[in-house]
Amino acid sequence: MPYVVERKPLTLSERLYLPQILSGMRVTLKHLFARNVTMEYPEQRPAIPAGYRGVPTLVKDPHGREKCVSCQLCEFVCPPKAIRITPGEIPADAPAAHVEKGPKEFEIDMLRCIYCGLCQEVCPEEAIFLQNQYSMTGYTREEMVNRKARLYELGGTLPDNHFKWDKKKEAAEHGGGH
Amino acid sequence: MISAPKPDLVTVNIDGRDLAVPKGTNVIEAARQLGIEVPHYCYHPKLSVVGNCRMCLVEMGLPAVDPATKQPIIDAATGKQKVNWMPRPQIGCATNAMPGLHIRTNSPLARESREGVTEFLLINHPLDCPICDQAGECKLQEFSTAYGRGYSRFIEQKNVKPKRTVLGPRVTLDDERCILCSRCVRFCKEVAKDDVLGFVDRGSYSTLTCYPGRQLENNYSLNTVDICPVGALTSTDFRFRMRVWFLKATPGIDPESSVGVNTEVWSREGVIYRITPRRNDEVNDTWMADSGRLLYKQVRAEDRLLAPAIGGGATAPEMALKAAADLLRSGAAYVVGSGRSTVEEQFLTRRLAAALRAPVALVSRTGAGDRLLVSADRNPNVRGALVTGLVSALPAARLDGLAADIDAGRVRTVLAVGEDLADAGLTPAQLAKVAVVYLGTHRNATSAAARVVIPTLTVFEKAGTFVNQQFRIQKFARAVPGPQGVADDLVTLAALATALGGAVVPADLNALWQVIAAEVKPLALVTHANLPSTGLLLDATPWAALPFVEGETLHFKPAAPAAATA
């Protein structure tokens with residue numbers, strides 16, 4: 001069924017033209033002196049709220065020991081299968097030899113990552129955290145894969161309340177609980 | 001007329017359900033038949049019962065009888081015979097079924113007992129699960145989740161023990177995780193007959209160790225890793241390499257000898273990580289030899305043949321097949337089959353030899369049998385060649401017949417299916433006199449001398465069947481895909497047989513089995529899909545007179561006096 005558009009004739013103020021221009025200028029001038037609502041992004045950075053889920057990173061404990069023991073639970077739980085770990089044994093003469101196991105290689109494919117934070121939630125060693133970093137860019141697919149060195153660079157050191165492995169080493173050195 | 005002896009059945013009542021089981025069945029096995037799991041650590045169906053873990057505590061009772069009249073006492077409320085429940089829980093593994101035995105596996109007392117045992121076991125158990133290789137298949141982990149209290153009341157310091165004790169060349173012990181179930185000790189004593197393990201010290205100091213000056217180095221040492229209910233005994237080869245929940249288990253057959261040990265091949269994304277035994281009570285129980293567990297390394301070996309070649313130069317598969325067919329068609333050919341090939345490949349090899357009217361020889365491989373799970377015949381499938389009619393006599397270790405034929409100029413082309421001719425006694429001069437077509441997996445002297453080389457798949461990359469020393473035909477599945485560009489052995493052999501003028505045969509396993517069943521009389525009733533996972537015994541009488549080399553092994557006694565003693 002054809003729909004007839006009703007065309008109203010212009011009112012007097014519309015026909016006069018100037019009042020319309022002035023009301024438009026009022027809006028423009030209001031924004032000219034109002035507070036800025038946008039951000040000059042690359043120069044200015046937003047404040048990140050607590051609990052923000054940024055790029056997943058690996059962290060070290062305050063003694064500089066890598067906390068990840070390559071249990072591969074994050075690899076298992078990762079919904080888009082972005083995490084790939086090659087487990088390895090820590091050599092017997094290394095300072096962290098009492099932990100026995102650590103990642104030989106740790107890769108997170110940021111083209112796959114969906115920032116869900118399940119890896120952080122599942123980690124029994126509190127070694128993986130989604131921190132404040134939110135901008136990942138690269139020119140190639142290869143560049144978008146965060147390898148172990150880059151993950152520690154992004155993650156840095158976080159405080160540790162447990163020192164589970166250090167306590168255990170201490171116990172072993174002091175008679176093994178007997 | 002003598003009737004078969006009836007198994008002596010006794011009726012027991014488990015959680016209110018009656019069950020008839022053979023006399024001598026223990027409570028754990030009886031409950032398993034009803035689908036009820038009685039948790040246990042130290043009990044193993046193939047080892048003696050010690051009852052030291054106390055995890056399988058259940059409540060037991062016997063029907064009440066009047067001591068004076070021996071009449072059953074009837075409970076007036078239910079009208080049934082009263083049951084006298086024992087005041088204390090009893091262990092299920094060391095209690096055999098007896099008439100009228102009543103069991104409660106899930107009563108408050110049984111549940112409380114399990115919770116108590118679990119708590120004691122966890123007192124000194126380290127919180128190692130993130131780095132423990134057993135995590136995911138650990139009985140302690142499973143039962144703690146199912147029967148534990150979920151939190152720890154233990155505030156004292158945990159016991160610390162050595163974590164990297166090397167027990168032998170293939171086994172590493174993490175002492176802290178050990179729950180002292182003694183399965184490994186019993187295995188070494190009772191099955192491997194190499195009594196090297198034992199406990200020293202007392203109480204929470206108790207430690208598993210080898211006898212002084214000895215190592216756990218027998219060829220069955222890795223079975224202790226398999227039966228360890230926790231992560232105490234670990235395989236040095238598999239240690240820290242992959243979490244078990246990522247691995248896919250494929251049923252396999254151990255190709256190292258004619259015992260035909262059933263295996264599980266564990267792989268992830270086309271990479272094999274370990275091989276463990278698969279239970280088959282007629283062949284290998286739950287054991288396998290260490291030597292068979294490392295065979296997966298051949299899949300990614302450096303010297304793997306990966307592309308077809310003519311005269312040493314890489315070529316396309318069709319060109320290599322055509323060149324091979326042309327060489328073989330020129331006449332005076334000789335076929336060297338293999339006792340390592342599957343039944344299906346041997347059938348196709350026979351077809352091929354028939355099309356060529358060529359004589360066929362196999363190469364035997366022998367070694368000392370260990371009376372357990374490695375037999376004297378180190379070919380897994382010599383009997384398959386007999387069954388399919390590829391050969392009618394047992395093979396020799398050297399190809400003297402072929403050597404004589406080459407010297408006399410009666411043979412111009414040799415088709416070697418997976419066998420190294422130089423290893424089988426042919427000299428380089430003899431190899432140079434003939435054109436060799438080599439189908440094989442790895443580089444060797446024969447592949448170097450061959451005119452045409454066509455790569456084939458290892459036993460882990462293909463499906464098929466082997467016939468073991470008992471004439472039991474057992475199937476295995478493909479665990480990992482083969483390397484890119486390497487065709488399945490069946491495809492290669494079928495294409496060659498067709499190119500040489502034989503009837504067209506399908507290379508697909510199921511379709512091929514219809515042809516095999518129609519043509520090979522002993523396999524008339526067999527299809528690959530319907531073959532049970534424990535194998536099928538074939539009638540061995542046509543070959544009973546052959547002097548097989550195998551001696552006695554587990555579940556096998558040679559029918560005739562063996563030519564060579566094990």
For the stretch B:451-478, name all the residues that are more than 26 Å from B:GLU264 (Cβ to Cβ) and crowded, with 20+ Cβ neighbours inside 10 Å. B:VAL452, B:VAL453, B:ILE454, B:PRO455
Within the stretch B:124-158, of all residues that are within 34 Å of the chain's Cα centre (by Cα) and among the acidic types (Asp, Glu), the one modelled with the lowest pLDDT is B:ASP128
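Restricting attention to the stretch B:42-60, does a residue exist that is of a type outside the set (Phe, Trp, Tyr) and farther than 30 Å from B:CYS188 by Cβ?
yes
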Go through (1) of a type outside the set (Ser, Thr, Tyr); (2) at pLDDT 95 or above; (3) over 23 Å from B:GLY418 (Cβ atoms) for B:ASN262 and report which single condition fails. (3)
Given the options B:GLU264, B:GLU302, name the one that is closer than 29 Å to B:GLU217 by Cα and without any contact (Cβ under 8 Å) to a residue 12 or more places away in the chain. B:GLU302
Test B:ALA404 against the criterion of being more than 23 Å from B:PRO455 (Cα to Cα) and either of a type in the set (Gly, Ala, Ser) or crowded, with 21+ Cβ neighbours inside 10 Å (or both), and give yes or no. yes
The stretch B:65-87, subset surrounded by fewer than 10 Cβ atoms within 10 Å (Cβ to Cβ) and not polar (S, T, N, Q), residue farthest from B:ALA31 (Cα to Cα): B:ALA68
The condition from (1) among the aromatic types (Phe, Trp, Tyr); (2) touching a helix residue (DSSP H, G or I) at 6+ places or on another chain (Cβ under 9 Å); (3) away from chain B (no Cβ under 14 Å) that A:TRP165 misses is numbered (3)
Given B:PRO395, B:PRO481, which one is surrounded by fewer than 18 Cβ atoms within 10 Å (Cβ to Cβ) and in the same structural domain as B:ASN381 (by TED's automatic domain parsing)? B:PRO481
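Yes or no: B:ARG293 within 35 Å of the chain's Cα centre (by Cα), in the same structural domain as B:LYS462 (by TED's automatic domain parsing) and not in a loop (DSSP other than H, G, I, E, B)?
On the way: within 35 Å of the chain's Cα centre (by Cα): yes; in the same structural domain as B:LYS462 (by TED's automatic domain parsing): no; not in a loop (DSSP other than H, G, I, E, B): yes.
No: the conditions fail for B:ARG293.
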Looking across the stretch B:210-248 at residues that are assigned to a helix (DSSP H, G or I) and within 14 Å of another protein chain (Cβ to nearest Cβ), the single one that is surrounded by the most Cβ atoms within 10 Å (Cβ to Cβ) is B:VAL244
Could you please find all residues in the stretch B:526-539 being part of a loop (DSSP other than H, G, I, E, B), out of contact with any helix residue (DSSP H, G or I) (no Cβ under 7 Å at 6 or more places or on another chain) and of a type outside the set (Ser, Thr, Tyr)? B:ASN530, B:LEU531, B:PRO532, B:GLY535
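Based on this model, can you work out whether B:ALA289 counts as more than 21 Å from B:LEU509 (Cα to Cα), among the aliphatic types (A, V, I, L, M), in contact with a helix residue (DSSP H, G or I) (Cβ under 7 Å, 6 or more places away or on another chain) and surrounded by 22 or more Cβ atoms within 10 Å (Cβ to Cβ)?
No.
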Could you pull out every one of the helices (runs of 4 or more DSSP H) wholly within the stretch B:90-209 that has 1 or more residues that are within 14 Å of chain A (Cβ to nearest Cβ)? B:108-123, B:139-147
Restricting attention to the stretch B:331-342, does a residue exist that is surrounded by fewer than 20 Cβ atoms within 10 Å (Cβ to Cβ) and either closer than 29 Å to B:LEU496 by Cβ or within 14 Å of chain A (Cβ to nearest Cβ) (or both)? yes
For the stretch A:50-75, which residues satisfy the criterion of being within 14 Å of chain B (Cβ to nearest Cβ) and either of a type in the set (Asp, Glu) or not in a loop (DSSP other than H, G, I, E, B) (or both)? A:GLU66, A:LEU73, A:CYS74, A:GLU75
Note: among A:GLU89, A:GLU105, A:GLU66, A:GLU126, just one is modelled with pLDDT under 95 and more than 22 Å from B:ASP174 (Cβ to Cβ), namely A:GLU126
Of the residues in the stretch A:85-125, those that are in contact (Cβ under 8 Å) with a residue 60 or more places away in the chain, within 12 Å of chain B (Cβ to nearest Cβ) and either in contact with a Leu (Cβ under 8 Å, 6 or more places away or on another chain) or not hydrophobic (A, V, I, L, M, F, W, C) (or both) number 1
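The values are calculated or read from the model by the stated rules, or taken from the named source; none is laboratory data. What you see is a predicted model, and the numbers here were worked out from it, not measured in a lab. Backbone-built Cβ (ideal geometry, glycine too); neighbour counts: all protein chains shown.
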